[in-house]
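Right, one structure below, let's go through it.
The values are calculated or read from the model by the stated rules, or taken from the named source; none is laboratory data. Keep in mind that this is a model prediction, so the values were computed, not measured. Ideal geometry is used to build each Cβ from the backbone, glycine not excepted, and the neighbour counts take in all protein chains shown. Accessible surface areas use protein heavy atoms only, side chains included; no ligands, DNA or RNA. Shrake-Rupley method; radii C 1.70, N 1.55, O 1.52, S 1.80 Å.
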Amino acid sequence: MSAAPPFDAMPDPLQAVLNDVHAQVCGKVEGQLADYIPELARVNPDDFGLAIMTAKGRLCTVGDVDVPFTIQSVAKAFTYCIALEILGAEGVQARVGVEPSGDAFNAIEFDPVSRRPYNPMVNAGAIAVAGILRGAYQANALEKIVERFSLAAGRKLDIDQSVFRSEQMTGYRNRAIGHLLCAAGLLDEPIDDAVDLYFQLCSIRVTARDLATMAATLSNMGANPTNAVEVFDFRAVRNTLSVMLSCGMYNFSGKWTHDVGIPAKSGVGGGLICVVNRQVGIGAFSPRLDAKGNSVRGVHAMQILSDELGLHAFECTNAGSSFIEHLL
Ligand code: DON
């Protein structure tokens, strides 16, 4: 009988699960690259990276976790969090709701009852949020926000200028949304300033490793677990995670919340974050998208990780409030 391996040589169980999920999902090649922004199609469709960081800062990675890509709509979670810090939940909700729309991310529409964008995770809501950020920080808005994103990632991030210009030249729907917001009195800043800021924020360059660290920062009540820097207000994080759970995957959000059960946000660059409160942040990158704009492999990998690691919010192993437990 062979001797058990020394403790140091035992495979890390979290790393083993991640390796296994990557191997299971890697062969999935369905889906299409986003090409409605021409520059977005210039990526390697086969790249695939997964990274998990615990809320205590332990990192496991597999695959293409250092390949840069643009954050796209994953930015919407973080910009919403910053807007909540600036105006508070009620202040932001005066301009943007918290209801799932059931429609595509780029729908040119408002909630017909409230006459506001449905939520901050679709383009209309995110452009209203960009207006709030531009109003608060004026010409320094981009710099200030990239600085916050960089603190969350634990390294200095920058903008992919060619993706920004490509979207700026072709983003007619988003400009239409800007005009609609202005007509409804939901945008105090010049339309082009708000929309250009939105385009720039979508063009922030990240890696799957960065996304895991940023997600772990949200999972750690707003403090980056690698260095304990407090990046986001914990109350804003709570409200951000709530909207990510109900609206983060666009018109796939209901099915996602039912099956995977984790606050998440996807982007058409192929990035995806998942945040398990006080436990882990997960970042995925694979640029082939399904018809709703979510990464095919990213969604699949998160489904398996949720099942394997018991990450669903309503998994029977999640005990809920320890305070209530104490009272029972
Ligand atoms: O508004 C747009 O078209 C993009 N810059 C961001 C969209 C996006 O990532 C939607 N995601 N699934």
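Mind listing whichever residues of region 270-296 are open to solvent by 10 Å² or more (accessible area, probe 1.4 Å) and not in a strand (DSSP E or B)?
277, 278, 279, 288, 290, 291, 292, 296
Filter region 284-328 for residues that are more than 16 Å from the ligand (Cβ to nearest atom) and touching a strand residue (DSSP E or B) at 6+ places or on another chain (Cβ under 7 Å) and give the result.
301, 305, 311
Can you give me the number of residues within region 119-166 that are of a type in the set (Gly, Ala, Ser), open to solvent by 40 Å² or more (accessible area, probe 1.4 Å), in contact (Cβ under 8 Å) with a residue 12 or more places away in the chain and more than 14 Å from the ligand (Cβ to nearest atom)?
Here the count works out to 2.
Filtering region 199-209 down to residues that are within 12 Å of the chain's Cα centre (by Cα) and under 24 Å from residue 171 (Cβ atoms), which residue is surrounded by the fewest Cβ atoms within 10 Å (Cβ to Cβ)?
Residue satisfying both the conditions and the ranking: 206.
Of all residues in region 37-68, count the ones that are open to solvent by 10 Å² or more (accessible area, probe 1.4 Å) and either away from the ligand (no atom under 16 Å from the Cβ) or closer than 20 Å to residue 281 by Cα (or both).
17
Run residue 228 past the list (1) under 19 Å from residue 82 (Cβ atoms); (2) in a loop (DSSP other than H, G, I, E, B); (3) among the aliphatic types (A, V, I, L, M) and report the number of the one that doesn't hold.
(1)
If a residue has to be at positive phi and either under 19 Å from the mean Cα position of the chain (by Cα) or open to solvent by less than 10 Å² (accessible area, probe 1.4 Å) (or both) to count, how many in region 70-95 make the cut? Break it down stepwise before answering.
Of the residues in region 70-95, the ones at positive phi are 72, 88.
Pick out the ones that are also either under 19 Å from the mean Cα position of the chain (by Cα) or open to solvent by less than 10 Å² (accessible area, probe 1.4 Å) (or both) and you get 72.
Residues meeting the conditions: 1.
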